[in-house]
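Shown next, in structure tokens, is the structure this report addresses.
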Amino acid sequence: MAEINPLVLWRRILALPNESRIKTLVIAFAVSAVCALVVSAASVLLSPLQEANRAAAQEARMQAMLETMPGIADLIAGLGGDGLETVIVDLRTGEPADIDPATFDEAAVRADPETNTAIPGPQDIAGLGQRPDLLPVHLVREGETLRLVILPVSVVGYQSTIRAHLALQGDLNTVAAFSVIEQGETPGLGARIEEPAWEALWPGKQIADDDGEIRLTVVRGRATDAYEIDGITGATRTGNAVAAAVQFWMGPYGFGPYLETLRGEGI
Amino acid sequence: MRQALRHLYGPIIDNNPVTLQILGICSALAVTTSLSTALVMCAALTAVLVSGNIMISAIRAHIPTTIRLIVQITIIASLVIVTDQIIQAFAFEMSERLSIFVGLIVTNCLVLGRAEAFAMHNPVVPSALDGLGNGLGYSLILVIVGSIRELFGAGTLLGFTILPTIYGGGWFVPLNLMMLAPSAFFILGLLIWTIRSIRPVQVEPADFEISIQPDRRAP
């Protein structure tokens, strides 16, 4: 009669010589199972704290970005609490959607296939595959005049998805600021895109030329005109990805239609 | 008891893992630009070393020789991931500054070295003490290197200004070299020189003797 009590079975396996093939397999599986359990438990239990930390860090980056722009921080402070206006934009129509930003759940929109649009291959220069139909955009107005638009952009970089904020001045063509909020590029190379020194190269650059063609790129070496930004040595692919992010999100599948709407309003 | 305590204080000076065995140099270079990052790295490494030694020592009788290294590295890697997650949850800003170097504790020869050389052959308590001693020995060197680099590279210690720099209106010109990795090599080299001058026992015999022939003339 075979013994089926697991405890006795376990003891019997432990009593086997260490060289036995069965014990080797059992120990390997037992160690992997215990380690997997510990790692999963730690990651699941700690993820709410980490999410909160990440959200706080992104909020701080947004604040830091607003402070880099001369005049804007004062303008927001002068306008009071709702100086920074948030609008949920429907990218399909290019019109603001009638959704309260306070109740807008971006994670849910990104997760639901119904609220995402597949990007056709040749258009998908950012490598994203699909894009959410609804995204929050921040606006700063002075009276009736639009002073600043902050667009969330994202792109698949060299080894991570890069997310950033691109702030445009009221003419909707001059970069006011660029701020990376999330990236996992190579430390010391691609990851340098989030250094203030590199982000400081962006303000004042032009997105499109007079014909409306989007020209902003990240070049190797030194920038020579208003459409170029110095590349980071050893991070060509990350730089190209950031340039592609601008190309894509300013284009027809990104915020292009919405920016047209804003221009139509007479800014 | 004395024997047990030797496991603890032996690796701090006499058998220091960094200055005698020259292990864990990579992280010693990377995280010592400031004292606070060095301290967090030391705490993380010591925690991994002690808990790894305890676990491996506890199951040492049942680890098959054929897969012992992979079992050890699995346990160590899991502990490192847990440590990394804890730092990300409770010290987020620090985790951003340490970036990948907490994760790279897995590849620190010190951890696997102690598991293989000590924890595999000794009971749990001496293994824990050995882990703690080696962790403290590593920490001692990192704290010294980190203090020197932060003090002379930025004029601060733990963020508090000690030497007012010229950028802040003081008199001290920061040594930019101290912020770069080579400076850690110089400091480590000087430390090793000092320790070996005081304790000549640690000096290794030369691999080759340079022969001097008095009658040989230059061609």
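The values are calculated or read from the model by the stated rules, or taken from the named source; none is laboratory data. Remember, predicted model here, so these are calculated numbers, not experimental data. Here the Cβ positions follow ideal geometry from the backbone for every residue, glycine too, while neighbour counts run over all protein chains shown. Remember, those area values only see protein heavy atoms, side chains included, never the ligands or the DNA or RNA. Shrake-Rupley method; radii C 1.70, N 1.55, O 1.52, S 1.80 Å.
Working carefully through the options A:I267, A:I232, find the one that is on the phi > 0 side of the Ramachandran plot, β-branched (V, I, T) and at pLDDT below 90.
Numbers: A:I232 fails: on the phi > 0 side of the Ramachandran plot.
Sole residue among the options that is on the phi > 0 side of the Ramachandran plot, β-branched (V, I, T) and at pLDDT below 90: A:I267.
Look at the range A:120-134 and say how many of its residues are open to solvent by less than 20 Å² (accessible area, probe 1.4 Å), within 20 Å of A:E182 (Cβ to Cβ) and not in a strand (DSSP E or B).
Kept after step one, since they are open to solvent by less than 20 Å² (accessible area, probe 1.4 Å), are these residues of the range A:120-134: A:126, A:131-133.
Among the residues that remain, those that are also within 20 Å of A:E182 (Cβ to Cβ) are: A:126, A:131-132.
Add one more test, that the residue is not in a strand (DSSP E or B), and what stays is A:126.
Of the residues in the range A:120-134, 1 are open to solvent by less than 20 Å² (accessible area, probe 1.4 Å), within 20 Å of A:E182 (Cβ to Cβ) and not in a strand (DSSP E or B).
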Hits in the range A:198-228 (condition: under 25 Å from the mean Cα position of the chain (by Cα) and at positive phi): A:G204
Collect the residues in the range A:92-110 that are open to solvent by less than 80 Å² (accessible area, probe 1.4 Å) and within 17 Å of the chain's Cα centre (by Cα), keeping them in residue-number order. A:E106, A:A107, A:A108, A:V109
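So, A:V137, is that one modelled with pLDDT of 85 or more and either part of a helix (DSSP H, G or I) or among the polar types (S, T, N, Q) (or both) or not? Break it down into steps so the answer makes sense when it comes.
Details: modelled with pLDDT of 85 or more: yes; either part of a helix (DSSP H, G or I) or among the polar types (S, T, N, Q) (or both): no.
No.
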Checked A:R54, A:R61 against criteria (more than 10 Å from chain B (Cβ to nearest Cβ) and in a helix (DSSP H, G or I)); the one match is A:R61
Mind checking which pairs have a first residue in the range A:25-43 that is more than 8 Å from chain B (Cβ to nearest Cβ) and a second that is part of a helix (DSSP H, G or I), Cβ under 6 Å, 6 or more apart or different chains? A:V26/A:I13
Between B:L158, B:L191, B:L142, which is at pLDDT 85 or above and in contact with a Cys (Cβ under 6 Å, 6 or more places away or on another chain)? B:L142
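How many residues, within the range A:186-212, are assigned to a helix (DSSP H, G or I), open to solvent by 60 Å² or more (accessible area, probe 1.4 Å) and among the acidic types (D, E)? Explain how you work it out, then say what you get.
Residues of the range A:186-212 that are assigned to a helix (DSSP H, G or I), as a first pass: A:190-194, A:196-199.
So of that shortlist, the ones also open to solvent by 60 Å² or more (accessible area, probe 1.4 Å) come out as A:192, A:194, A:196-197.
Next, from what is left, pick out any that are among the acidic types (D, E): A:194.
Result for the range A:186-212: 1.
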Helices (runs of 4 or more DSSP H) enclosed by the range B:55-164 - at least 1 residues per element that are away from chain A (no Cβ under 14 Å) and closer than 30 Å to A:A56 by Cβ: B:124-154
In the range B:155-182, what residues are open to solvent by less than 40 Å² (accessible area, probe 1.4 Å) and within 22 Å of B:I25 (Cα to Cα)? B:M178
Which pairs do you get when a residue that is over 21 Å from A:A235 (Cα atoms), found in the range A:166-184, comes within reach of a residue that is among the hydroxyl-bearing types (S, T, Y) and in a strand (DSSP E or B), reach meaning Cβ atoms under 7 angstrom, with the pair 6+ apart or on two chains? A:L168/A:T174; A:G170/A:T145
